[in-house]
1. If you take the residues of segment 171-201 that are more than 16 Å from the ligand (Cβ to nearest atom) and in contact with a helix residue (DSSP H, G or I) (Cβ under 6 Å, 6 or more places away or on another chain), which of them is farthest from residue 303 (Cα to Cα)?
2. Which numbered condition in (1) within 16 Å of the ligand (Cβ to nearest atom); (2) more than 12 Å from the chain's Cα centre (by Cα) is the only one that residue 139 fails?
3. State the number of residues belonging to segment 40-54 that are part of a helix (DSSP H, G or I) and within 16 Å of the ligand (Cβ to nearest atom).
4. Just to be sure, is residue 253 out of contact with any strand residue (DSSP E or B) (no Cβ under 7 Å at 6 or more places or on another chain), at pLDDT 95 or above and either part of a helix (DSSP H, G or I) or farther than 20 Å from residue 106 by Cα (or both)?
5. Are there any strands (runs of 3 or more DSSP E) wholly within segment 55-135 with 3 or more residues that are crowded, with 23+ Cβ neighbours inside 10 Å and within 14 Å of the chain's Cα centre (by Cα), and if so which?
6. So which residues in segment 186-197 are in contact (Cβ under 8 Å) with a residue 60 or more places away in the chain and surrounded by fewer than 17 Cβ atoms within 10 Å (Cβ to Cβ), if there are any at all?
7. Can you name the residue in segment 77-89 that is under 20 Å from residue 119 (Cβ atoms) and in contact with a helix residue (DSSP H, G or I) (Cβ under 6 Å, 6 or more places away or on another chain) and is also farthest from the ligand (Cβ to nearest atom) among such residues?
Ligand SMILES: *Cc1c(COP(=O)(O)O)cnc(C)c1O
């Protein structure tokens, strides 16, 4: 069976070596030695000077919205994983959807201004498939209207834009280290913020608001990652070069062999070093997608409809019409991509695709 992705497992001995440290420390959570080491190594790997590693990639979005969203309207993209919209509603804010660019698939920055009202407090946009939003335009709009900017950068591990880590953009950026993501800790995530005051607020918010054992800065929740998860991260991180090289091999194969006269592929933003996180293709219509998906499924190949449905149509948000996002969501399929996907699997996948489009 070939799935859309397959979790990268480091050699077991390398994970055991990390576990051994936990057993000798007899320390499982509350920012132990392995979590602190993982943060240092990630700062170095990503060339960022601040990171807070968390227990998943959703809680940092929620914490950021709690601090910056203020219960207001949040300008957001309808084309993302459901966590993006759900976090907004969960934090008692209201999503104000803005349609996406038909090729970059990120929020259409030219349509943001007309969605701003006096209730708007923040913009929450996704660097979908690791493709950066138009961060410069978004920053200018945020400045003009005094809005906060949060980036759901769950897919964007290692991406750089204009020579800078994509996590450096916005007031807060978040990432996911879920098992299906490029770099993972099983479950896990991170948040990034440049402003020291905001960093401090985000930090205490992720640990029940604690200011020492007996005092509290303010309201908080539990966003802490454990040593067991950090152990996985420390075992996976040394393999990033291999992970990226193997995924690049898959992307290059698809690029060179797919009949692109029949499908649209992702257009990567200019001045970006991309991370080969997903390989989405957009078919001419949904019927073609369903036909191709069926043909692949019959051969035990399971691509995924990332992301369907368009988030403006889910039942707990007010439905607004987002023609580009709805059209893309109905026609997009992410092809299998992972380290062990071999040449003959790739040839087989592409022959089915090219034969059924
Ligand atoms: C995976 C993902 C999340 C959630 O991350 P978890 O670590 O699973 O909580 C949020 N947003 C997007 C776009 C994602 O793909």
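1. Restricting to residues being more than 16 Å from the ligand (Cβ to nearest atom) and in contact with a helix residue (DSSP H, G or I) (Cβ under 6 Å, 6 or more places away or on another chain), the top hit is 201.
2. Single failed check for residue 139: (1).
3. Matching residues across segment 40-54 total 1.
4. Criteria met by residue 253.
5. Those strands (runs of 3 or more DSSP E) span 120-126.
6. Taking segment 186-197 as the starting set, the residues that turn out to be in contact (Cβ under 8 Å) with a residue 60 or more places away in the chain are 187-194.
Hit for segment 186-197 is 194, nothing else.
7. In this case the residue turns out to be 78.
This table checks each residue for (1) part of a loop (DSSP other than H, G, I, E, B); (2) at pLDDT 95 or above; (3) under 21 Å from the mean Cα position of the chain (by Cα).
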residue	(1), (2), (3)
220	yes, yes, no
228	no, yes, no
277	yes, yes, yes
291	no, yes, no
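The values are calculated or read from the model by the stated rules, or taken from the named source; none is laboratory data. As the structure is a prediction and not an experimental result, all values here were calculated from the model. Every residue, glycine as well, gets a Cβ built from its backbone with ideal geometry; the counts of neighbours run over all protein chains shown.
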